[in-house]
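Working notes, beginning with the structure itself.
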Amino acid sequence: MQGYNAIVVFTENADKILMCKRRRNPYKGLYNFVGGKIEPNEDGLDAAYRELEEETSITKNDIILSHLMDFTYHLGNCYLEVYVGKLNKSITVSGDENDLYWSTLNHNFFDAAQYAGEGNIGHIMMHVEMYRKELLK
């Protein structure tokens, strides 16, 4: 079963989240969290930090990630691990895989015409709000 991760990154003020506009399929042209594949025998948290640095230049020194939830897609033979963190300082993100931008929080993240994941981004953001105090201390 192939593993993937999605990482919800908040600014140091927790007023915006890092999103990307996907340049390739799946979900080409839609907005998504940053993330990627978990390599065979790789620890999920290690994979999240690796993908975050590869895609955004954010390092372990810039953020502490918390494991929020997992999704298992039995028919698709894959799973998704979701991590959340808040930057400990202002940082300039850079990457060449997708177009990165800081999004405000007042969007309909369930809008499947704009956001990847068939509503999962909205679902994830609802859970982030439920546990905001614990996740963004």
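None of the figures in this text is laboratory data; all of them are computed from the coordinates on show. Here the structure is a predicted model, which is why all the values come from computation and not from measurement. Using ideal geometry, Cβ is built from the backbone for each residue, glycine included, and neighbour counts are taken over all protein chains shown.
Annotations
- Taking amide H atoms as placed 1.01 Å from N in the peptide plane, the amide H of Ile38 lies under 5 Å from those of Gly3, Tyr4, Asn5, each 5 or more residues away in sequence or on another chain.
- Based on the Kirkwood approach, the hydrodynamic radius assigned to the range 51-125 is 14.3 Å, with every pair of different Cα atoms included.
- Computed over the chain, relative contact order equals 31 percent, with contacts defined as Cα pairs under 8 Å that lie 6+ residues apart.
- Measuring how big the range 81-137 is from its alpha-carbon positions, Rg and Dmax come out at 12.9, 33 Å.
- Derived scalar couplings between HN and Hα for the range 58-73 equal 7, 10, 4, 6, 9, 7, 10, 8, 10, 7, 8, 6, 10, 10, 10, 10 Hz in order, rounded to whole Hz, by the Karplus curve 6.51 cos²θ - 1.76 cosθ + 1.60 (θ = phi - 60°), x for Gly and Pro.
- Those lysines that a straight Cα-Cα span of less than 21 Å connects to Lys137, excepting residues fewer than 8 apart in one chain: Lys16, Lys60, Lys86, Lys89
- Dividing the radius of gyration of the alpha carbons in the chain by their Kirkwood radius gives 0.92 for Rg/Rh.
- Under the combined filter of DSSP loop state and at most 14 neighbouring Cβ atoms within 10 Å, the range 106-137 retains these GluC sites (Glu not before Pro): Glu118.
- Beta bridges per DSSP, both residues in the chain: antiparallel share near 70 percent.
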